[in-house]
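Where a number appears in this text, it was derived from the coordinates with a stated rule and is not lab data. Since the structure is predicted, the reported quantities are computational estimates derived from the model, not experimental observations. Virtual Cβ from ideal backbone geometry, glycine too; neighbours counted across all protein chains shown.
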Amino acid sequence: MPGNNPKPIPKRQKPNWWQSFVEKRQIQQKLSSQNHQIRGNKKDINDLSSNKKQTSTRISRNKPRYKEDSKMRVLKPAKGIDLQSYLHSPKAKPSKTMQAVSNFPGFSKVFGGFTLSNRFKKFNYTLLKFKIFSFLNWIIVSILLLGVTGSFIYISFFDQYFLVTNYEVTFGPNSYLEEEEIEAILTRFSTSKTGGVLPENQFWFLNDRNLTISADKAVPEINRVNVKERIWPNKAILEIHTEPILATLSIQENSQRRSWRISQSGRVFTEDKAGLNEQLIHVQRPITYSRLNATFKDYDLEADIDQLNRVWFTNVLWVFFEEQPGVEIISTQFPSMTDTDVQLMTNTGTTLYFSSDFTTIPRQNLESRLRGVFNSTLADEQIAGRIAYIDFRIPSQAVFVCYRNQPCAVK
C-alpha cells in the first residue's frame, strides 16, 4: 500500500574463509551420509526380495568413496601416456608434464615462485627447490646476512686500515700555518668522532664540514678545510684556508728577525715562515727576551689595547690610501712596541707621520686633514716627489709639510 515503507532486504554478507570451510564440510558430510543410507536401504530390499537367508547379523558399514572427498583425488595419467614406461625411465618425461614447467608464469603461480624474466628462471627455481624463504631457512639466512653486514660495517668504518692517517696539507691564497698548528689540527681529526661513534677520519666519510668544525676548535683562525683528493686506502690531500689576517709584524727578536701573523682578534697565532708578508709592519726597535725560548707568540696582544688599536688604526690608513689615485704605500713602520706612532712611506719617497692616540687628535679631525691634504695641490706635489714628509701628529688643525732640500724645524 502507498505510504507503507517496504521491508528492507538484508544485505548478503560474504562469509569469511572459516565459515566457508565449515559449511562446505558439513554439506559434504550430510550428502555423503544420505547417499550411504539410500544405498544401504536398496541393498536390504534386494536381499529380502531374493529370499536369501541371513545366517548372521551383519553391521553394514558404508565404504568411503574417495571420489566424494576433495582431499583424496586419484591422479590419472593423461590419455595416450604409458605410465609403466615412464616409471622405468624417469628421464623420459611426458610432454604433458613438461608443459607446466615450460610455462614459467604458470609454474610460478602454482608453486608460489616469483614471476621474473627468462634470464632469472634458474635463480627462481633454486629458491623454490631449496625453500630459501621457509621459516627455518629464513632465520639462518637472516643470521648470515647480519653477520656479513656487521663485518662489512666494522671493516669499512672502524678498522684501522680505512682510517686516514696520511695527510698532505696545502694552503689557499694568503693562508698559512706552521707545523705546530698543523699537528694540532691533524691530532684533532684523529680523536674526533661523528655522533660519538663514527671516526671523523674514516676514509668514506671524510668531508669538508666535519673537518672545518674540528680544525676551528684547534686553531680558531681557520676559515675552511677542503678535501681535495682521497687516495686509497688511508691518504687525503687537504687545502686549508685561514681567515684574513689583521697584519704581519716583523720584529727583531734576540738578533733574529721573525714575522708573526696577527688574527682579526689580535692573537699572534703563527709565524710567517712561508714569507707571505701580508699586511707587513716593520717594528724598528729590537726586542730582547730574558726568558729562554721566549718568542713574540707568547705576547698577549689581545690584552694590550693601545697596541691592538694601533694595528687597527694602520689598517684604516691603508684602506684610505688605496682609494687615493697616484698614492701607493710601500712601507709601514712602528718605532717600537711601546709608543703609538705610525710611519707610512709612499712610492715617491714621502713619509707620512701619524699617531693612533685619538685623545690628542680626534679621529674626525684626522679624517678632515687627510681629505684636505690629498684633495689639494699638495697631492700633486707629493706625486711629483717634491715633499719629504708630512706630519699629521700636530694637535692643531694644521699639518706640517717639509719639502725636499729645505731645512725643516719639526720632524
(message) Per 0.36 nm of contour for each residue apart, how much would the distance between Gln284 and Val227 grow if the chain were fully extended, relative to their Cα-Cα spacing?
(response) 16.4 nm
(message) Compute, for region 301-384, the length of the dipole vector about the Cα centre, with Cβ point charges of +1 (Lys, Arg) and -1 (Asp, Glu) only. Units Debye, rounded to 20.
(response) 180
(request) Sticking with the crude label model, points 7 Å out along Cα→Cβ, report the distance from Leu198 to Thr149 in nm, one decimal please. (result) 1.6
(request) Calculate, for Arg371 and Ser265, the FRET efficiency according to 1/(1 + (r/R0)^6) with r their C-beta to C-beta distance and R0 30 Å; round to the nearest 0.05. (result) 0.45
(message) Once you order the gyration tensor axes a ≥ b ≥ c over the Cα atoms, which shape class does region 165-239 get: rounded for a/c under 1.5, otherwise prolate or oblate by comparing a/b with b/c?
(response) oblate
(message) Taking amide H atoms as placed 1.01 Å from N in the peptide plane, list the residues 5 or more away in sequence, or in a different chain, whose amide H sits under 5 Å from that of Ala388.
(response) Cys402, Tyr403, Arg404
(message) Give me the one-decimal nm value for the distance between modelled label points at Ser331 and Trp318, 7 Å along each residue's Cα-to-Cβ direction.
(response) 1.8
(request) Would you mind computing, in nm to one decimal, how far apart the modelled labels at Phe205 and Asn347 are, each placed 7 Å from Cα along Cα→Cβ? (result) 5.4
(request) Figure the gain on full extension for Phe171 and Gln364 (residue separation times 0.36 nm, minus the Cα-Cα span) and round it to one decimal in nm. (result) 65.5 nm
(message) I need the calculated FRET efficiency for the pair Val141 and Lys30, taking r as the beta carbon distance and R₀ as 56 Å, to the nearest 0.05.
(response) 0.75
(request) May I ask which residue of Asn293, Phe313, Leu276 lies farthest towards the positive end of the charge dipole of region 270-330, with charges of +1 (Lys, Arg) and -1 (Asp, Glu) on Cβ and the Cα centre as origin? (result) Asn293
(request) State the extension gain, in nm to one decimal, for the chain segment bounded by Arg404 and His241, taking 0.36 nm per residue of separation less the distance between their alpha-carbons. (result) 54.2 nm
(request) For a footprinting-style exposure proxy, rank Cys408, Cys402 by other Cβ within 10 Å, fewest first. (result) Cys408, Cys402
(message) So for each of 340-352, 224-236 I average, over its residues, the number of other beta carbons within 10 Å; can you give me the resulting order with the highest mean first?
(response) 340-352, 224-236
